[in-house]
Amino acid sequence: MIATDVHESLRQNVRRMVDARIRPNAIEVDELAEFPERSMAAFRELELLGLAYPPELGGGGGDLISQVIVLEEVARACASSASILLTSWAALTPIIAFGSDALKQEVVPKIAAGEQLASFCLTEPGGGSDLPGLKTRAERVDGGWRLHGHKRFISNAQHSEWYAVLARSGAPKEAAFGVFLVHKDDPGLSFGAQEKKMGMRGFPTADVILDEVFVPDAHVVGDPARGYSYMMDTLTYTRPLVGAHALGIAQGALDASIGYTAGRTQFGSSISKFQMVREMVSDMMTAVEAARSLLYRSAEIAPVNDERARAFASMAKVFCSDTAMKVTTDAVQLHGGNGYMRDYQVERMMRDAKVTQIWEGTNHIQKLLISKYAYTTI
Ligand SMILES: Cc1cc2nc3c(=O)[nH]c(=O)nc-3n(C[C@H](O)[C@H](O)[C@H](O)COP(=O)(O)OP(=O)(O)OC[C@H]3O[C@@H](n4cnc5c(N)ncnc54)[C@H](O)[C@@H]3O)c2cc1C
């Protein structure tokens, strides 16, 4: 197993915090569709927002496996709360990897301290899958760039201080893109209405509108013509994180199903004694453990960041999210009518699981990437 004793001790600490501070609020967070401030307070106390950043930037110096473990454990109880961490971690990945030292010093320490959050802005109303077709443009002006465009379905929108925006920095047909860091107080930045979602209701999603927003050169990440390749590198790290988030949901649904079937009686016997029930639980557990193995493998090789690592990141994202959807659906089935009711949590997990097959590149798009890699191996 790739996880070390240090990782296991992190898992136990986070699990204790989740049981005490996050699990008890999970139903309410979903029902009220409110930002989970109590989860944020708990993340701050355990210094989780800065977990993987270098110590000189106020971070904990953790690795990708540590992030995977934290997301699994938080999403196991409350996927909305885990999404707050996932989004901020994903948004800072290109800045940590490609940003200037001055930019990192300006942005990272406050996020590491849990005082601020960051968002990741790729998708537009015209589409999320066709990323090279994006329309948001960055025009060169004196001392910086002027951004104009519209980003759709942005996680943590309005709650984040910083927005990492992918925009076209060359001529319309040129394949030049930059990553621009926009501050929430920059003139010209505004937000659409909060989306009303099927699941993940406890964390915010809204459009980000850029109306001639000036971004100084100091807030451009690396080379303004290489943003697309920065994002592709970033996704090798962030797709395992999306997989970990999905796997946590699946694990939570499996836990709930084992507990419920052990306690529920029909025909004078625990339903856990019925072979068809046992088969379902066995298939769920096998899928969860298979997903975990692939996920940890993808996290282990992500730092290599070659074609294979990218394909593994996509495989982990697909397998963990498909597992989350299947396992949560089966969990509702195993709970019978109770599974359909909000009090029993598994219906929330099923609603939360769906988006993991859609965001960060739909599973169709991941399969295109995996198959492209497959044909390079012959
Ligand atoms: C709750 C939520 C939060 C989100 N958060 C963020 C965020 O923080 N930042 C961000 O940038 N985006 C975010 N997104 C957007 C998300 O990444 C996109 O929705 C996703 O990439 C799909 O893009 P789309 O919605 O435009 O669907 P489309 O691209 O229009 O796809 C529609 C369907 O067509 C399929 N399809 C498209 N092209 C192909 C192809 N070539 N081959 C086969 N099938 C194809 C897709 O798989 C899908 O089934 C979020 C979305 C949601 C729902």
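The values are calculated or read from the model by the stated rules, or taken from the named source; none is laboratory data. Keep in mind that this is a model prediction, so the values were computed, not measured. Cβ coordinates were reconstructed from backbone atoms using ideal geometry, including for glycine residues, and neighbour counts include every protein chain displayed. Calculation scope for accessible area: heavy atoms of the full protein, side chains included, ligands and nucleic acids excluded. Shrake-Rupley method; radii C 1.70, N 1.55, O 1.52, S 1.80 Å.
Residues satisfying the criterion are absent from region 279-295 (criterion: within 16 Å of the ligand (Cβ to nearest atom) and under 19 Å from the mean Cα position of the chain (by Cα)). Looking at Gly199, Gly268, Gly227, Gly178, just one residue is at pLDDT 95 or above and open to solvent by 30 Å² or more (accessible area, probe 1.4 Å), and that residue is Gly268. Answer with yes or no whether Lys151 is of a type in the set (Lys, Arg) and within 15 Å of the ligand (Cβ to nearest atom). Spelling it out, Lys151 is indeed of a type in the set (Lys, Arg) and within 15 Å of the ligand (Cβ to nearest atom).
Modelled with pLDDT of 95 or more and either outside the structural domain of Lys135 (by TED's automatic domain parsing) or touching a His at 6+ places or on another chain (Cβ under 6 Å) (or both): which single residue out of Asp283, Asp217, Asp211 fits that description?
Asp283
Confirm whether Ser9 is free of Cβ contacts under 8 Å to residues at least 24 places away in the same chain and out of contact with any helix residue (DSSP H, G or I) (no Cβ under 7 Å at 6 or more places or on another chain). Yes, satisfied.
How many of the residues making up region 174-227 are polar (S, T, N, Q) and within 16 Å of the ligand (Cβ to nearest atom)? Residues that pass the stated criteria total 2. Filtering region 1-27 to residues that are small (Gly, Ala, Ser) and assigned to a loop (DSSP other than H, G, I, E, B) leaves only Ala3. For region 165-175, give me the residue count where each residue is crowded, with 18+ Cβ neighbours inside 10 Å, of a type in the set (A, V, I, L, M, F, W, C) and without any contact (Cβ under 8 Å) to a residue 60 or more places away in the chain. Final tally of qualifying residues: 1.
The set of residues in region 354-378 being away from the ligand (no atom under 12 Å from the Cβ) and touching a residue at least 24 places away in the same chain (Cβ under 8 Å) consists of Ile370, Tyr373, Ala374, Thr376. Take region 313-335 and flag every residue that is open to solvent by less than 40 Å² (accessible area, probe 1.4 Å) and away from the ligand (no atom under 14 Å from the Cβ). Correct list: Ala313, Ala316, Cys320, Thr323, Ala324, Val327, Thr328, Asp330, Ala331, Val332, Leu334, His335. Take Ser39 and decide whether it is among the polar types (S, T, N, Q), open to solvent by less than 40 Å² (accessible area, probe 1.4 Å) and within 16 Å of the ligand (Cβ to nearest atom). So Ser39 fails the test. Flag: Ile258 matches the condition of being in a helix (DSSP H, G or I), among the β-branched types (Val, Ile, Thr), in contact with a helix residue (DSSP H, G or I) (Cβ under 8 Å, 6 or more places away or on another chain) and open to solvent by 10 Å² or more (accessible area, probe 1.4 Å). Looking at (1) more than 12 Å from the ligand (Cβ to nearest atom); (2) on the phi < 0 side of the Ramachandran plot, which is the one condition that is false for His159? His159 satisfies every listed condition except (1). No other residue among Arg348, Arg308, Arg342, Arg297 is modelled with pLDDT of 95 or more, farther than 21 Å from Ile69 by Cβ and surrounded by fewer than 22 Cβ atoms within 10 Å (Cβ to Cβ) apart from Arg308.
The rows are residues; the columns are (1) assigned by TED's automatic domain parsing to the domain that holds Glu360; (2) closer than 18 Å to Phe120 by Cβ; (3) part of a loop (DSSP other than H, G, I, E, B).
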{"position": "Leu147", "(1), (2), (3)": "no, yes, no"}
{"position": "Lys151", "(1), (2), (3)": "no, yes, no"}
{"position": "His159", "(1), (2), (3)": "no, yes, yes"}
{"position": "Val165", "(1), (2), (3)": "no, yes, no"}
{"position": "Ala171", "(1), (2), (3)": "no, no, yes"}
{"position": "Ala175", "(1), (2), (3)": "no, no, yes"}
{"position": "Gly178", "(1), (2), (3)": "no, yes, no"}
